[in-house]
Protein chains: 2
Amino acid sequence: MDGVARRESSRSTTEPDIRRRARNLLVREGQEAVTLRAIAREMGITAPALYRYYSSREELLFRLSEDVCVDLSAELTASMRDGATQLDKVFAVCRGFRRWALEHPREFALVFATPTGAKAGEKTAPTERDAPGRPERHDELGRVFLRVAGPLMAEGVAESPPASLPDELRVGLADSQRDLAESFAAEGIEIPREALSAEAVYLLLRWWARLYGQVALEVFGQFPFDVSEAGRLFESMLVELATESGLR
Amino acid sequence: MDGVARRESSRSTTEPDIRRRARNLLVREGQEAVTLRAIAREMGITAPALYRYYSSREELLFRLSEDVCVDLSAELTASMRDGATQLDKVFAVCRGFRRWALEHPREFALVFATPTGAKAGEKTAPTERDAPGRPERHDELGRVFLRVAGPLMAEGVAESPPASLPDELRVGLADSQRDLAESFAAEGIEIPREALSAEAVYLLLRWWARLYGQVALEVFGQFPFDVSEAGRLFESMLVELATESGLR
DNA sequence: GGGCGAGGTAAACGCCGTTAACTCAAGGTT
DNA sequence: AACCTTGAGTTAACGGCGTTTACCTCGCCC
């Protein structure tokens with residue numbers, strides 16, 4: 001109704017506002033409650049106005065998930081500082097990830113359990129520069145894990161046990177080794193060449209698989225019987241993973 | 001428009017029909033495409049008619065997820081027969097679970113990654129008899145896992161390694177031990193008392209956590225870099241899990 | 001033959017995403 | 001000063017959605 005008042009608060013201020021409101025809806029009521037009309041309503045605006053900022057609801061959700069990743073990255077980066085040794089840092093990041101996921105289940109579901117539909121990805125992700133072979137979505141977050149994994153790998157190379165790595169897997173992991181090397185390079189993290197062995201990549205994958213798996217299990221409440229000990233189970237998994245990795 | 005033709009095909013035939021159509025929509029286009037109006041349209045019926053069968057869309061989705069679990073259970077039960085040794089059976093079930101999940105990602109997402117909302121659970125799950133402390137949703141599926149885990153636990157008890165089980169976890173797992181014992185009893189599976197040690201429960205939880213985790217990771221495409229070796233990684237995880245469990 | 005219940009209908013309400021045509025003030029150009 | 005462009009917003013509308021309400025209409029049973 002009032003063009004003037006809105007005018008001075010131009011794109012630079014209303015766009016973050018949209019995101020903020022959308023985020024609130026996501027947190028409080030879940031993904032499907034993030035509605036163009038609901039956002040507009042909260043802002044005292046009509047829904048079609050939002051199309052000045054996003055080409056569709058889907059794109060808004062995608063941007064939102066990017067925001068979520070940025071926040072999560074910041075949080076994890078912060079927790080990373082908590083550790084003294086490199087292993088402590090890794091633990092801190094893992095715990096931070098779990099805590100965040102449990103505190104933000106809807107955001108977790110949006111980012112980590114939305115079946116990134118085959119065709120859906122193309123039109124919704126106009127990231128400025130998308131180098132192929134990299135984590136397409138949310139590389140911000142990928143960097144955090146690189147920053148914590150890198151030093152660990154560099155350090156762990158000395159005493160890393162051979163780890164039972166099936167031969168056929170070693171072969172197949174070559175591509176991943178290259179990808180990972182590029183990612184580290186792009187991030188300015190220097191890793192000795194030997195540290196990027198197939199074993200190391202395999203180890204990294206296991207860490208991520210178990211971390212993600214256990215957290216998803218917990219967030220989605222898929223424990224077989226009620227497990228009040230989820231926290232301790234998580235801790236136990238961490239030390240297990242560390243000892244399996246030949247760390248400490 | 002024609003009440004007569006529909007009449008003779010009464011509840012007993014149209015209800016499965018509804019489920020069938022709904023299932024097709026779920027498989028082909030995902031959860032959010034399972035729409036009362038779409039189902040009705042396909043059946044040559046109007047949407048409100050469906051309220052004679054389900055009190056809401058949400059309940060239909062819940063029933064649907066039950067159906068999915070029944071089918072999955074049947075498939076896993078079938079794959080269970082593939083193994084000679086007990087361990088082989090477990091492997092077969094795990095592989096079956098993974099294969100099924102990859103072939104039915106939408107169903108997997110519905111059943112295993114729908115954030116069973118705190119309040120949502122109450123009204124949508126009027127299961128006939130819901131013993132507390134049991135897997136509230138989809139116990140059919142739980143039984144399959146019991147049937148495959150039971151013998152393994154009974155057999156594994158002899159040489160099971162102590163497994164590094166933190167003391168505080170042992171205490172906390174007592175409830176789970178009781179739950180599990182009841183479940184086995186209810187299922188008519190006899191397990192020697194010593195086989196249900198805290199270590200065994202812990203082992204069981206680890207199996208499920210890693211199985212679920214790795215499968216979810218794969219289904220949701222959350223591998224850090226593209227992993228063409230997912231299948232081999234899975235196999236590797238299985239043998240790792242088995243050796244950690246002191247099996248074979 | 002009259003009630004009745006099960007399974008269906010049409011109409012409506014209020015949401016939703018999205019499009020199209022519009023207003024209207026700000027700012028720059030001539 | 002007059003003019004045009006542009007960007008942020010509007011209103012109106014379309015079709016789809018879940019859901020409720022009132023109604024109909026068979027087949028069945030007493």
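The values are calculated or read from the model by the stated rules, or taken from the named source; none is laboratory data. Quick caveat, the model's predicted, so the values are computed rather than measured. Note that each Cβ is placed from the backbone with ideal geometry, even for glycine, and that neighbours are counted across all protein chains shown. Keep in mind that these areas ignore ligands, DNA and RNA; they rest on the heavy atoms of the full protein, side chains included. Shrake-Rupley method; radii C 1.70, N 1.55, O 1.52, S 1.80 Å.
Quick one: is A:Glu194 out of contact with any His (no Cβ under 8 Å at 6 or more places or on another chain), surrounded by fewer than 21 Cβ atoms within 10 Å (Cβ to Cβ) and either touching a residue at least 40 places away in the same chain (Cβ under 8 Å) or within 12 Å of another protein chain (Cβ to nearest Cβ) (or both)?
no
Do you know which of the residues in the range A:95-116 that are of a type in the set (Phe, Trp, Tyr) and within 13 Å of chain B (Cβ to nearest Cβ) is surrounded by the fewest Cβ atoms within 10 Å (Cβ to Cβ)?
Step by step, filter the range A:95-116, then rank; the result is A:Phe108.
For the range A:174-191, which residues satisfy the criterion of being surrounded by fewer than 22 Cβ atoms within 10 Å (Cβ to Cβ) and part of a helix (DSSP H, G or I)?
Within the range A:174-191, A:Ala174, A:Asp175, A:Gln177, A:Arg178, A:Asp179, A:Ala181, A:Glu182, A:Phe184, A:Ala185, A:Ala186, A:Glu187 meet the criteria.
What number of residues in the range A:217-234 are more than 28 Å from B:Phe225 (Cβ to Cβ) and more than 7 Å from chain B (Cβ to nearest Cβ)?
Qualifying residue count for the region: 3.
For the range A:27-52, which residues satisfy the criterion of being more than 11 Å from DNA strand C (Cβ to nearest atom) and either open to solvent by less than 60 Å² (accessible area, probe 1.4 Å) or among the acidic types (Asp, Glu) (or both)?
Within the range A:27-52, A:Gly30, A:Met43, A:Ile45 meet the criteria.
To keep it simple, each residue is scored yes or no on (1) under 24 Å from A:Ala230 (Cβ atoms); (2) more than 7 Å from chain A (Cβ to nearest Cβ).
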site: B:Pro151; (1), (2): no, yes
site: B:Glu155; (1), (2): no, yes
site: B:Glu199; (1), (2): yes, yes
site: B:Tyr212; (1), (2): yes, no
site: B:Val215; (1), (2): yes, yes
site: B:Val239; (1), (2): no, yes
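List the pairs whose first member sits in the range A:34-57 and is within 19 Å of A:Glu107 (Cβ to Cβ) and within 14 Å of another protein chain (Cβ to nearest Cβ), whose second member is near DNA strand C (Cβ under 8 Å from one of its atoms) and in a helix (DSSP H, G or I), and whose Cβ atoms are under 7 Å apart, counting only residues at least 6 apart or on separate chains?
Pairs that qualify, where the first residue is within 19 Å of A:Glu107 (Cβ to Cβ) and within 14 Å of another protein chain (Cβ to nearest Cβ) and the partner is near DNA strand C (Cβ under 8 Å from one of its atoms) and in a helix (DSSP H, G or I), are A:Arg57/A:Leu36.
Of all residues in the range A:8-33, which are β-branched (Val, Ile, Thr), touching a residue at least 12 places away in the same chain (Cβ under 8 Å) and more than 7 Å from DNA strand D (Cβ to nearest atom)?
A:Ile18, A:Val27
Taking B:Arg20 as the residue in question, decide whether it is away from DNA strand C (no atom under 13 Å from the Cβ), farther than 30 Å from B:Leu241 by Cα, basic (Lys, Arg) and modelled with pLDDT of 95 or more.
So B:Arg20 passes the test.
For the range A:51-120, list the helices (runs of 4 or more DSSP H) that sit wholly inside it and hold at least 2 residues that are within 16 Å of DNA strand D (Cβ to nearest atom); which are they?
The qualifying helices (runs of 4 or more DSSP H) are A:57-80.
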